[in-house]
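Notes for the one structure printed next.
Any read-out appearing in this document is the output of simple, stated calculations on the displayed coordinates, not a laboratory observation. This one's a predicted model, so the numbers in the text were calculated from it and none came from an experiment. Virtual Cβ from ideal backbone geometry, glycine too; neighbours counted across all protein chains shown.
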Amino acid sequence: MAKIVIFDTTLRDGEQAPGYSMNVDEKLQLAYQLAVLKVDVIEAGFPISSEGDFKAVNNIAKKVKGPVICGLARMLEPDIVSAGKALKPAGKRRIHVFVSSSDIHLKYQMKKSRRQVIEMTKKGVKLACSFAKDVEFSAMDATRSDPAFLHDLFSEAIEAGAGTINVPDTVGYTIPEEFAVLLDGIMANVHNVKRSVVSVHCHNDLGLAVSNAITAIQHGARQIECAINGIGERAGNTSLEEVVMAIKTRKDFLKSSTGVKTAEISKTSKLLTAITGIGVQPNKAIVGENAFAHESGIHQDGVLKKRETFEIMTARSIGLKKNRIVLGKHSGRHAFGVRLSGLGFKLNKDQLNKAFERFKQLADRKKEVFDEDLGALVGTEIPVRSDAYKLLSFTVVTGSDEEPSATVKVKDIGKGVETKRTGSGDGAIDALYNAIGRATKEKGMLLNYIAKATTPDKDAMSEVTVQVRFGGRQGPTVRGRAASTDTVEASAKAYINALNRYVEEK
Ligand code: KIV
Ligand code: ZN
């Protein structure tokens, strides 16, 4: 059995995808769970890219034990120095340096010759080695590069000290048979390849990321870069749960294994959804709602007679459990805390107290509190560092014969000032958001609004996720989320949550 290193990039490539940006606390929550899942490497971020990313990598390096903690850097001195600093507290650290290798990138993006790229690589990898023993080198856009140049570049990177060489299909362009030829070429022509681990990083633009990754294993790759729920740039990255379960289910054919604790897969996928507010499609392999549901009579009949007739893996193997634990208004802080850690949250005392307070308010309004409610509640409550604004009250008037209007009272926490303002709009939510805009003097452009019920019951909570651009056309897009038994209240709070994130980022 070949051991496959699972390199998780949910917090770096995944987090770069629109709508998935996470703050420092949220990244830490997920990193704790990735350690429980037993991935081998956590790519925690791109430290030079922002202060927030630096802090996230640094915090994860300090607090998350078990996996190697990795930070990304371009082949530039300031990037590598920043990654080295951010990763310093980690027990096991890796710097991941990358440079483009395709002619199209060299000519139009980098404006560098092949010779210059080789020189940058030699220098950059050596510098990275002075901060970490474990250095990974990626040749960006490898699958559209001249193989001969790729061989030279990888040889030089290994010579300079790279212990892992990564072959990214950056634009999700390659096809399994073609990728196999590229990997065979690397194995045969990179003279020192045996001194390194060959890794692949496949994007899913043609829906082939997992197929390409599996093909790569058959052609000698021993590290797979992947992300929970397959998130990542554009159409995403290789889905961790799919590739890991394919390796486990078809070990007879692939003759390889991973160290991932697959019974933690479902929890990790749901935790990512709870944190980002973005779920997976129902038919998503492994973690979709329907992945283990048999609807047709013939299938149900077969599964009842012998499970293996229509099921290739068990729901239990990814940690799906049948019994639903329900909390209610008599549940105590201890039971609440235990349930939250069962869902993968690791909160500090303050966060737990705040979340418990919110749980008690919810339990007064809702008889039974399910895991999905807790996920929505706590996922939205992992606090932005210090809220700038708080919604104190709201009223909305709407009807088929009236112009919708809303009045809100908002507190500017820093100044200690409460402001009440009214707004009108095309609909109740538009009026509400206009009123908040007036009260806070922060004009936002609503780009996306999603409201969904957390559970199918009648008194379900409503979870609202918004994307808002503040600060004009060039301003940043931020995500806001809130959950409540009242959709209008959740809508108002989700908008305020987005505003608080904007202020925090600013
Ligand atoms: O897709 C890509 O090429 C990357 C590299 C930084 C590895 O994400
Ligand atoms: Zn990528």
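Residue 301 versus residue 130, label points 7 Å from Cα toward the beta carbon: distance in nm?
Going by the 7 Å Cα→Cβ label model, 7.3 nm.
What does the highest-first list of 496-506, 447-457, 353-363 look like by mean Cβ count within 10 Å? Working shown, then result.
On the way: 496-506: 20.9, 447-457: 14.6, 353-363: 16.7.
The densest-packed peptide leads the list: 496-506, 353-363, 447-457.
Residue by residue, what Karplus-based ³J(HN,Hα) values in Hz, rounded to whole numbers, does the stretch 117-123 have, using 6.51, -1.76 and 1.60 with θ = phi - 60° and x for Gly and Pro?
5, 5, 5, 4, 5, 4, 5
With the Cα gyration tensor of the stretch 176-259 in hand, give its eigenvalues times 5 under a square root as the equivalent ellipsoid semi-axes, listed largest first in whole angstrom. Provide the component values of the computation, followed by the final result.
Working: eigenvalues 87, 49, 26 Å².
Semi-axes from the Cα gyration tensor: 21, 16, 11 Å.
Pop a pseudo-label 7 angstrom from the Cα along the beta-carbon direction at both residue 353 and residue 334 and give the gap in nm to one decimal.
The answer from the label model is 2.0 nm.
A 22 angstrom limit on the alpha carbon distance is what I want to check against. Which of 3/122; 27/458; 443/493; 88/126; 65/248 exceed it? Could you put the intermediate results ahead of the total?
Working: 3/122 29 Å; 27/458 33 Å; 443/493 16 Å; 88/126 17 Å; 65/248 25 Å.
From the list (3/122; 27/458; 443/493; 88/126; 65/248), the Cα-Cα distance tops 22 Å for 3/122; 27/458; 65/248.
Please report the base-10 log of the normalised intensity I(q)/I(0) for the stretch 293-380, using a Debye sum with one equal scatterer per alpha carbon and no solvent, at each q in 0.14 (1/Å).
These q points yield log10 I(q)/I(0) values of -0.61.
Taking the mean number of other Cβ atoms within 10 Å as a proxy for protection, how do you rank 187-193, 284-290, 6-12, 486-492 from highest to lowest?
For the peptides 187-193, 284-290, 6-12, 486-492, the packing ranking is 6-12, 486-492, 284-290, 187-193.
Kindly state, to the nearest 0.05, the FRET efficiency for residue 49 paired with residue 112, given R0 = 22 Å and r defined as their beta-carbon distance. Let's see the in-between values first.
Values: r = 21 Å, r/R0 = 0.95.
E between residue 49 and residue 112, to the nearest 0.05, is 0.55.
For the stretch 416-429, what does the Karplus curve 6.51 cos²θ - 1.76 cosθ + 1.60, with θ = phi - 60°, yield as ³J(HN,Hα) per residue in whole Hz, taken in order and with x for Gly and Pro?
x, 9, 9, 10, 10, 9, 10, x, 10, x, 5, x, 4, 5
Only helical DSSP H runs with n ≥ 4 go in: add -39500 (n - 2.57) per run for the chain, normalise by residue count and round the 222 nm mean residue ellipticity to 500 deg cm²/dmol.
On the way: 16 runs with 197 residues, N = 506.
Result for the chain, helices only: -12000 deg cm²/dmol.
Based on the alpha carbons, how large is the Rg to Rh ratio for the stretch 389-505 when Rh follows Kirkwood? Walk me through the numbers on the way to the answer.
Values: Rg = 13.8 Å, Rh = 14.3 Å.
Taking Rg over the Kirkwood Rh, I get 0.97.
In terms of modelled amide H atoms, which long-range or inter-chain residues lie less than 5 Å from the amide H of residue 285?
none
How big, on average over all directions, is the shadow cast by the Cα convex hull of the stretch 2-276, in nm²?
Values: hull surface 50.3 nm².
Reported value for the Cα convex hull: 12.6 nm².
Order of 295, 77 from fewest to most other C-beta atoms within 10 Å? The partial results should precede the final answer.
Values: 295 7, 77 12.
Ordered by Cβ neighbours within 10 Å, fewest first: 295, 77.
If you average the alpha carbon positions of the stretch 445-506 and of the stretch 104-183, how far apart do those two centres end up, in angstrom?
Result: 41 Å between the Cα centres.
Rounded if a/c is under 1.5, else prolate if a/b is larger than b/c, else oblate: which is the stretch 250-291, with a ≥ b ≥ c the root eigenvalues of its Cα gyration tensor? Could you put the intermediate results ahead of the total?
Details: a/c = 3.50, a/b = 1.80, b/c = 1.94.
Verdict is oblate for the stretch 250-291.
Give me the Kirkwood hydrodynamic radius of the stretch 51-90 in Å, from all C-alpha pairs, to one decimal place? Walk me through the numbers on the way to the answer.
Values: mean 1/r = 0.0988 Å⁻¹.
The answer is 10.1 Å.
Over the chain, consider all pairs of different Cα atoms and compute the Kirkwood hydrodynamic radius from their mean reciprocal separation; express it in Å, one decimal.
Numbers: mean 1/r = 0.0410 Å⁻¹.
By the Kirkwood definition, the hydrodynamic radius is 24.4 Å.
Is the stretch 1-105 rounded, prolate or oblate when judged by the Cα gyration tensor, a ≥ b ≥ c being the square roots of its eigenvalues, rounded requiring a/c under 1.5 and prolate requiring a/b larger than b/c?
Details: a/c = 1.40, a/b = 1.19, b/c = 1.17.
Verdict is rounded for the stretch 1-105.
Which aspartates and glutamates have a Cα lying under 16 Å from the Cα of residue 261, excluding residues fewer than 8 positions away in the same chain?
The qualifying aspartates and glutamates are 8, 40, 241, 242.
If the viscosity is 0.890 mPa s and the temperature 25 °C, what Stokes-Einstein diffusion coefficient in µm²/s follows for the stretch 44-200 when Rh is the Kirkwood radius over Cα pairs? Mind showing how you got there, number by number?
On the way: Rh = 15.7 Å.
Roughly 156 µm²/s, to the nearest whole number.
With θ taken as phi - 60° and the coefficients 6.51, -1.76 and 1.60, list the Karplus ³J(HN,Hα) couplings across the stretch 136-142 in order, rounded to whole Hz; mark glycine and proline as x.
10, 10, 10, 9, 4, 6, 4
Please give, to one decimal in nm, the separation of the simple spin-label points placed at residue 320 and residue 257, each 7 Å out from Cα toward the Cβ.
Those two pseudo-labels are separated by 2.5 nm.
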